[in-house]
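Participant: Got a structure for you, written out below as structure tokens; questions coming shortly.
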Amino acid sequence: MSKIQLKNVFKKYANSEGYSVKDFNLDIEEKEFIVLVGPSGCGKSTTLRMIAGLEEISEGDFIIEGQRVNDKEPKDRDIAMVFQNYALYPHMSVFENMSFGLKIRKLPKKEIKEKVEHAAEILGLKDLLNRKPKELSGGQRQRVALGRAIVRNASIFLMDEPLSNLDAKLRVQMRAEISKLHRQLGTTVIYVTHDQTEAMTMATRIVIMKDGVIQQIGTPSEVYHLP
Ligand code: ADP
Ligand code: ADP
């Protein structure tokens, strides 16, 4: 049984005419790194947001480990999400930013501290826990956003263009770090990008979308016809 199944998923926004996602079908195995690519407006973010529970699925089934979870609250899903713009709270320290999701889930203080310190260790943020986001470099902010996802211990990570605001050099570095994290944590990742190099280097399988429809699904070499 696949870990995640999307079956005949459609999305129509209330204020728009057509469907933004049409008949999306995908089975994702445990520990896969799925990369969604395609032109702007093709439905990548919408798909991710439906998986996160931030947008309602109009039609179809979203199944995790055999259970239909269409109606589960985002906070009750075994899913952590990393956004393009980091979405850090500017008035909170790095520690507070990383612990926020655990606090609202009412974890004991001691456990929160342990989890945050562990994630900070993995991400090289240990000495920056008292800083505010504006006192960090772009790469460090992106690490905090990753840290916030890591502390959740979620088995599914969703990432929506997490590197697109970084300069080229940092993108290459963070690409390697995300691949490493994926191996270390053993998570299933669904990752949205415009960047063909990111797709080629990180994906186990690539899903190409156009106008809300899946055009092709394959490994990087199948999709890009590599030798
Ligand atoms: P991508 O992430 O591939 O750029 P999106 O999923 O953001 O694409 O958008 C897919 C389509 O859905 C686009 O036509 C977009 O205009 C439309 N769309 C996205 N969000 C909304 C919304 N909140 N309300 C109405 N239409 C939306
Ligand atoms: P990058 O070029 O990688 O985005 P920056 O030039 O923004 O990095 O920052 C370089 C270093 O200076 C980083 O290690 C960061 O921690 C530190 N730094 C940046 N801004 C501040 C600040 N306002 N206060 C303290 N340290 C800072």
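The values are calculated or read from the model by the stated rules, or taken from the named source; none is laboratory data. Because the structure is a prediction, the values reported are computed rather than measured. For neighbour counting, all protein chains shown are included, and Cβ atoms are generated from backbone atoms with ideal geometry for every residue, glycine included.
Participant: Taking only the stretch 125-157 into account, find how many residues are within 16 Å of ligand 2 (Cβ to nearest atom) and either in a helix (DSSP H, G or I) or surrounded by 18 or more Cβ atoms within 10 Å (Cβ to Cβ) (or both).
Facilitator: Initially, the stretch 125-157 is screened for residues within 16 Å of ligand 2 (Cβ to nearest atom), giving 125-147.
Checking the rest, the ones that are also either in a helix (DSSP H, G or I) or surrounded by 18 or more Cβ atoms within 10 Å (Cβ to Cβ) (or both) come to 125-129, 133-136, 138-147.
Qualifying residue count for the region: 19.
Participant: So is V189 more than 16 Å from ligand 2 (Cβ to nearest atom), at pLDDT 95 or above, in contact with a helix residue (DSSP H, G or I) (Cβ under 7 Å, 6 or more places away or on another chain) and among the hydrophobic types (A, V, I, L, M, F, W, C) or not?
Facilitator: Working: more than 16 Å from ligand 2 (Cβ to nearest atom): yes; at pLDDT 95 or above: yes; in contact with a helix residue (DSSP H, G or I) (Cβ under 7 Å, 6 or more places away or on another chain): yes; among the hydrophobic types (A, V, I, L, M, F, W, C): yes.
Against the criterion (more than 16 Å from ligand 2 (Cβ to nearest atom), at pLDDT 95 or above, in contact with a helix residue (DSSP H, G or I) (Cβ under 7 Å, 6 or more places away or on another chain) and among the hydrophobic types (A, V, I, L, M, F, W, C)), V189 qualifies.
Participant: Continuing with the same structure: Answer yes or no as to whether N8 is modelled with pLDDT of 95 or more and either surrounded by fewer than 14 Cβ atoms within 10 Å (Cβ to Cβ) or not hydrophobic (A, V, I, L, M, F, W, C) (or both). Give the derivation first.
Facilitator: Numbers: modelled with pLDDT of 95 or more: yes; either surrounded by fewer than 14 Cβ atoms within 10 Å (Cβ to Cβ) or not hydrophobic (A, V, I, L, M, F, W, C) (or both): yes.
Yes.
Participant: Would you confirm whether any residue within the stretch 109-122 is surrounded by fewer than 16 Cβ atoms within 10 Å (Cβ to Cβ), of a type outside the set (V, I, T) and outside any helix (DSSP H, G or I)?
Facilitator: no
Participant: Another one. Note down all Cβ pairs under 7 Å where the first residue falls in the stretch 39-56 and is within 12 Å of S20 (Cα to Cα), the second is more than 9 Å from ligand 1 (Cβ to nearest atom) and in a loop (DSSP other than H, G, I, E, B), and they're at least six residues apart or on different chains.
Facilitator: Final answer for the pair search is M50/I57.
Participant: Taking the stretch 187-227 as the search range and keeping residues that are surrounded by 16 or more Cβ atoms within 10 Å (Cβ to Cβ) and among the charged types (D, E, K, R), which one is farthest from R175 (Cα to Cα)?
Facilitator: R205
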